[in-house]
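Report on one structure; see the data block that follows.
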Amino acid sequence: MTGRLSEPLRVRLPVSEELDVVLARTCGRELALQQGFREAATGAIATAISEVARNIIVHAGTGEIVLEVVEGRGRRELVVLARDRGPGIPDLHRAMEDGYSTAGGLGLGLSSARRLMDEFGVVSTVGKGTMVTMKKWAA
Amino acid sequence: MPVPILRLDDVLVASIQAALTDQDLLQLRDDLSEKVGRFRARGVIVDVTALDVLDSFATRTVRGIAYTARLRGARTVVVGIQPDVAFAMVQLGLTLEGVATALDLDEGLALLRRDAP
Ligand SMILES: Nc1ncnc2c1ncn2[C@@H]1O[C@H](COP(=O)(O)OP(=O)(O)OP(=O)(O)O)[C@@H](O)[C@H]1O
Ligand SMILES: [Mg+2]
């Protein structure tokens, strides 16, 4: 484990094409490794980022991923924000269910990301956009 | 970045060299499907050692590769799934349902040879 953070670490990554999805999850993995997260956690983080970043491209067009490392409640957390100014999600409850997709997908992205992370939340306003916040705790 | 596909007798080996975009993965699926027919391949090995995640899209596409190959008479073995990638898949309950897996290229080839009709 690396020492205490002197200042909060924060990376902002624009997401507007498929390659950005790869860059965002690679960056998330690197950050997690560098912060001493276990192998199981780094895979989970990369996969969850891949899902929410892909959702930005497919459902909203463009947006951004913000990665942040914070010390909270005596432990280190990696926080992932995925936000866009896309169409928003009318029925969040259903969107979180396995198998619900408005785009002919498997509808597994959001539910997968939730399972992989320790904390997960979505705020979405129709016509305004969507923000997914998820956290992984360093064990 | 396209994935190189090599031919070893009647086996096609696709060795992924780096993290792939969704488009790259679809391209690989199409290339493999075409080459299975063209070379009358009996086996396909997809080496995912360098693949950073097998998320919902990648899992679906890899399954698609295997099913398509099977319909065209070839068996698929996925080799080289990295530990952290496997952890995430287990956490998700994602499986490569019906797709054979092996530790590495050698074991994948051995598997295809052993089960060859
Ligand atoms: N950023 C977003 N903006 C608008 N709608 C979204 C966004 N993210 C998700 N959604 C909505 O929530 C649904 C479920 O998302 P989820 O990622 O679970 O499945 P999917 O993207 O449709 O398919 P999959 O991810 O399995 O390929 C989507 O079909 C879409 O309607
Ligand atoms: Mg999705």
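Quick note: the coordinates plus some simple rules give every number you see, no bench work behind them. For clarity, every value in this text was computed on a predicted model and none was experimentally measured. Here Cβ is always computed from backbone atoms with ideal geometry, including for glycine, and neighbour counts include all displayed protein chains.
Give the Rg/Rh ratio for the stretch A:10-137, taking Rg as the radius of gyration of the Cα atoms and Rh as the Kirkwood radius, to two decimals.
Radius of gyration relative to Kirkwood radius: 0.95.
Relative contact order for the stretch B:5-104 using alpha-carbon pairs under 8 Å, separation at least 6, rounded to a whole percent? Each step should come with its number before you reach the end.
Working: 148 pairs, mean separation 28.5, N = 100.
Relative contact order of the stretch B:5-104: 28 percent.
Taking the simple approach of a point 7 Å from Cα along Cα-to-Cβ for both A:Ala103 and A:Leu19, what is their distance in nm?
Taking the two extended label points, one gets 2.0 nm.
Counting only complete DSSP H runs, which helices of chain A cover 30 Å or more along their long axis at the Cα atoms and score a mean Kyte-Doolittle of 0.0 or above? Intermediate values should be presented prior to the final figure.
Values: long enough: none.
Helices meeting the criterion: none.
If I take R0 = 41 Å and measure r between the Cβ atoms of B:Leu26 and A:Arg75 in this structure, what FRET efficiency does the formula 1/(1 + (r/R0)^6) give, to the nearest 0.05?
Values: r = 40 Å, r/R0 = 0.97.
With R0 = 41 Å, the Cβ-Cβ based efficiency is 0.55.
Using Cα-Cα distances under 8 Å and only pairs 6 or more residues apart, what relative contact order does chain A have, in percent?
Details: 285 pairs, mean separation 34.7, N = 139.
Reported as a whole number, the value is 25 percent.
Would you kindly compute the Cα radius of gyration of chain B and its largest Cα-Cα separation (Dmax), both in Å?
Using the Cα atoms of chain B, the pair Rg, Dmax is 13.0, 38 Å.
With the crude spin-label approximation of a point 7 Å out along Cα→Cβ, what separation in nm comes out for B:Thr49 versus A:His93?
In this crude label model, B:Thr49 to A:His93 measures out at 5.0 nm.
Where does chain A land at 222 nm, in deg cm²/dmol rounded to the nearest 500, when only DSSP H runs of n ≥ 4 count, each adding -39500 (n - 2.57), divided by all residues? Mind showing how you got there, number by number?
Working: 4 runs with 46 residues, N = 139.
Mean residue ellipticity at 222 nm (helix-derived): -10000 deg cm²/dmol.
Give me the angle, in degrees from 0 to 90, between the Cα long axis of helix B:56-71 and the longest principal axis of the Cα atoms of chain B, rounded to the nearest 10.
Result, in degrees: 20.
At most 15 other Cβ atoms within 10 Å and a DSSP loop assignment: could you name the trypsin sites (Lys or Arg not before Pro) in the stretch B:13-71 that fit?
Details: sites: B:Arg29, B:Lys35, B:Arg38, B:Arg40, B:Arg42, B:Arg60, B:Arg63, B:Arg70; in loops: B:Arg40, B:Arg42.
Here the sparse-neighbourhood loop sites are B:Arg40.
Output the peptides B:8-14, A:95-101, A:43-49, A:18-24 sorted from most to least packed, where packing is the average of other Cβ atoms within 10 Å over each peptide's residues.
So the order, starting with the most tightly packed, is A:43-49, A:18-24, B:8-14, A:95-101.
Under a point spin-label approximation (7 Å from Cα along Cα-to-Cβ), what is the A:Arg85-A:Glu119 distance to one decimal in nm?
2.8
Shielding of A:39-45 by partners, i.e. mean partner chain Cβ atoms within 10 Å per residue?
Details: counts 6, 7, 3, 5, 13, 6, 3.
If you average over the peptide's residues, the count of other-chain Cβ atoms is 6.
As an exercise, identify the GluC sites (Glu not before Pro) in the stretch B:34-117 lying in DSSP coil whose Cβ has no more than 14 other Cβ atoms within 10 Å. Present the calculation step by step, with values, prior to reporting the outcome.
Numbers: sites: B:Glu34, B:Glu97, B:Glu107; in loops: B:Glu97.
Here the GluC sites (Glu not before Pro) that fit, given the DSSP loop and packing criteria, are B:Glu97.
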